[in-house]
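Right, one structure below, let's go through it.
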Amino acid sequence: MTSVIDRTAARPAATTSAAETGLSGPGRRRFLATSAAATAAAFAAPKVSAQLTTGNPLQQAPANCTTVPDTPTPVRPDPQDASRVFSAGESVLAFRNHGMQAEFLREALTPLGAHYLLIHFDVPQLSAQGYSVALDGRVRNPTRLSLDDLKRRTLIQQVVTLECAGTGRSTLHPRAVYVPWFKEALGQYQWTGTPLRQILEQAGVLDDAVEVLFTGWDSGVDLGVEHAFERSLPIKEALRDEVMLAWEHNGVPLLPQHGFPLRLVVPSWYGMASVKWLRAITVLNQPFRGVQQSKVYRYQQVKGEAGEPVTFKRVHSLITPPGVPDLITRHRFLAPGPVTLQGVAWSGAGRITRVEVSTDDTATWREARLVPVSGDRFAWTQWQIDWSASAGEHILACRATDEAGDVQLVNPENRWNRQGMGVNGVQRVHVRVLEGIGSARGPVPSAARVVVPGADPVEVPQTVNALAGRGS
Ligand SMILES: Nc1nc2c(c(=O)[nH]1)N[C@H]1C(S)=C(S)[C@@H](COP(=O)(O)O)O[C@H]1N2
Ligand SMILES: [Mo]
């Protein structure tokens, strides 16, 4: 028997609307020109606009693609005008640097390996045996610290939300060309290590010290310059209690890709500050001006300008996607009725004071309950809200406010910058509420065989597995 559940709600998942692109004037006309052909050929303009959170290159316009160059160049490509067209080079970057699967937002700790990754060059091959990190520069007592030395020191464990500064990059129009993050550059492990502060104090930081530089074992070429990945912190930041040298996540030694055997963790800052594969810690008497400090991780509006440095995480929140996904579009399907929506919120400025949720594409908002999932200060806060889901298309959205009073803006373009850094616009998640959806979770083999009009009918076998569903 074949069950066709819905023949009425044939509405294509959307193309990009003006509201979403945030473009107006010439930029918008250019964008529309490139997308007009595909839009016309596909479907009539939909009521709802496209999902910012996952993007959907399959439904985007054919357009010229600013590809990643074929040979190394001293400059990174200019921001890409056709914002939803991604080059092969970017796919390769995205596979190497995967994001967190959003379903894990339900959990207080991201399972090992589900955390996002950002690896600029290659993962260095390091051994714990004989490993040590060199602490030198403007200190009275230069020293080398082995893992055993470090493990004999004060032990701390903290649950920390880590987020790449490139978060939301691909929600901008035009968008910067690097790892093409939407909203998945996130993770939350429990890190084990020792406070950096005591180590610096014992080494005797000299009076003229202004910054501490952290150098990784990895190296490569960016902006035409070969360098090791290295970043500095102002002394005051390096001395904060929560800044740690970490050798474990979720109770086990670091995975190679997460910084084995030792990394820095700087809880309130975007991820680039948490230098992995530590080779050296150098106390400096002048500001560090390396590539990843003075050229990259800057909020630039105009090519060539210095721009403000990227530092603390901006207030941000996400929705744990409800229901079940459509495989290709990641559009959500949900049965009608009461449902508790949930998600998480965090900020580098401190506590989350408020999360509001919209179920009508940001037209109206209700306040969610805040549910702490960890006693740790640097962990995300969970939010929950009850919703009575009625049949039809809905766009869910959430926006957080932090204790500094900063609130997420609906339009990510308000955060536009050339490098696509710190883009924390409100997330929107498309949900199609449909009678009968979800029944594939009942009998085995699945009873529901066709949901969307136009789908090929699929036979339901007569044989039933009566034991399915009895196990854990
Ligand atoms: N040595 C080194 N440290 C690094 C990086 C790197 O490429 N090399 N990437 C940084 C960036 S930009 C981020 S967002 C985080 C990512 O950490 P993760 O891959 O463990 O999630 O590591 C930071 N530390
Ligand atoms: Mo990052």
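Every number here is computed from the coordinates shown, using simple stated rules; none is lab data. In this text, all values refer to a predicted model and were calculated from it rather than measured experimentally. Because the Cβ atoms are built from the backbone with ideal geometry, glycine has one as well, and the counts that use them run over all protein chains shown.
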Check your understanding: Just the projected area, averaged over all directions, of the convex hull on the alpha carbon atoms of segment 373-472: how many nm²?
Key -> 12.2
Review point. Relative to the first principal axis of the alpha-carbon coordinates of the chain, what is the inclination of helix 25-42, with its axis defined by its Cα atoms, in degrees from 0 to 90 and to the nearest 10?
Key: 50
Point to revise | Share, in percent, of DSSP beta bridges within the chain that are antiparallel, nearest 5 | key: 90
Practice item. Considering the options G137, L105, V266, tell which one lies farthest towards the positive end of the dipole of the chain, charges being +1 on Lys and Arg and -1 on Asp and Glu at the Cβ, about the Cα centre. Key: L105
**Study point:** Spin-label zone in segment 323-367 - amide nitrogen under 17 Å from a point set 7 Å from the Cα of S390 along the C-beta vector
**Key:** 334-339, 358-366
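How big is D, in µm² s⁻¹, for segment 358-412 by Stokes-Einstein at 4 °C and 1.567 mPa s if Rh is the Kirkwood radius over C-alpha pairs?
Diffusion coefficient, whole number: 98 µm²/s.
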Review point. Between D78 and I156, what length comes free when the chain is fully extended (0.36 nm per residue of separation minus the Cα-Cα distance, one decimal in nm)?
Key: 23.8 nm
Practice item. Name the long-range amide H neighbours of I156: under 5 Å, sequence gap of 5 or more, or other chain; modelled H, no Pro or chain starts. Key: G193, T194
Point to revise | Spacing of the two label points (7 Å from each Cα toward its C-beta) at V302 and V371, in nm | key: 4.9
**Study point:** Length released on extending from A134 to E103, taking residue separation times 0.36 nm less the Cα-Cα span
**Key:** 7.2 nm
**Study point:** Positive-end extreme of charge dipole, segment 91-309 - chosen from H249, A94, A238 (charges on Cβ)
**Key:** A94
**Study point:** Cα-Cα over 27 Å, subset of K236/K303; K276/K303; K151/K183; K151/K313; K276/K313; K236/K295
**Key:** K236/K303; K276/K303; K151/K183; K151/K313
Check your understanding: Which whole-Hz ³J(HN,Hα) couplings does segment 216-224 yield from phi under the Karplus relation 6.51 cos²θ - 1.76 cosθ + 1.60, θ = phi - 60°, glycine and proline marked x?
Key -> x, 7, 8, 8, x, 10, 9, 6, x
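How many percent of Cα pairs in segment 91-309 exceed 23 Å? If you can, show how the numbers build up before the last one.
Values: 11033 of 23871 pairs.
Pairs farther apart than 23 Å: 46 percent.
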Check your understanding: Between segment 309-361 and segment 247-271, how many Å separate their Cα centres?
Key -> 25
Review point. Relative contact order of segment 91-309: what whole-number percent is it, with Cα pairs under 8 angstrom and at least 6 residues apart?
Key: 24
Point to revise | Efficiency of FRET between V324 and D360 - r from beta-carbon atoms, R0 35 angstrom, step 0.05 | key: 0.95
Check your understanding: If you bin the C-alpha pair distances of the chain every 10 Å from 0, what whole percents do you get?
Key -> 4, 18, 27, 25, 15, 8, 2, 0, 0
Point to revise | For segment 311-446, alpha-carbon Rg and Dmax in angstrom | key: 16.3, 52
Revision key, fill the gap. Per-residue ellipticity at 222 nm attributable to helices in the chain (runs of n ≥ 4 DSSP H, -39500 (n - 2.57) apiece, nearest 500 deg cm²/dmol) works out to -2500 deg cm²/dmol
Study note, to complete from the structure: Along the dipole axis of the chain (charges at Cβ: +1 for Lys and Arg, -1 for Asp and Glu; origin at the Cα centre), the most positive-end residue among L147, L223, A397 is A397
Review point. What is the calculated FRET efficiency for D149 to D241, with r their C-beta to C-beta distance and R₀ = 22 Å, to the nearest 0.05?
Key: 0.60
Point to revise | Shape category assigned to segment 65-169 from the gyration tensor of Cα positions, a/c cut at 1.5 | key: oblate
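In debye, nearest 20: dipole of the chain around its Cα centre with unit charges on the Cβ of K, R (+) and D, E (-)? Working shown, then result.
On the way: 47 positive and 43 negative charges, 56 e Å.
Using only the charged Cβ atoms, the result is roughly 260 debye.
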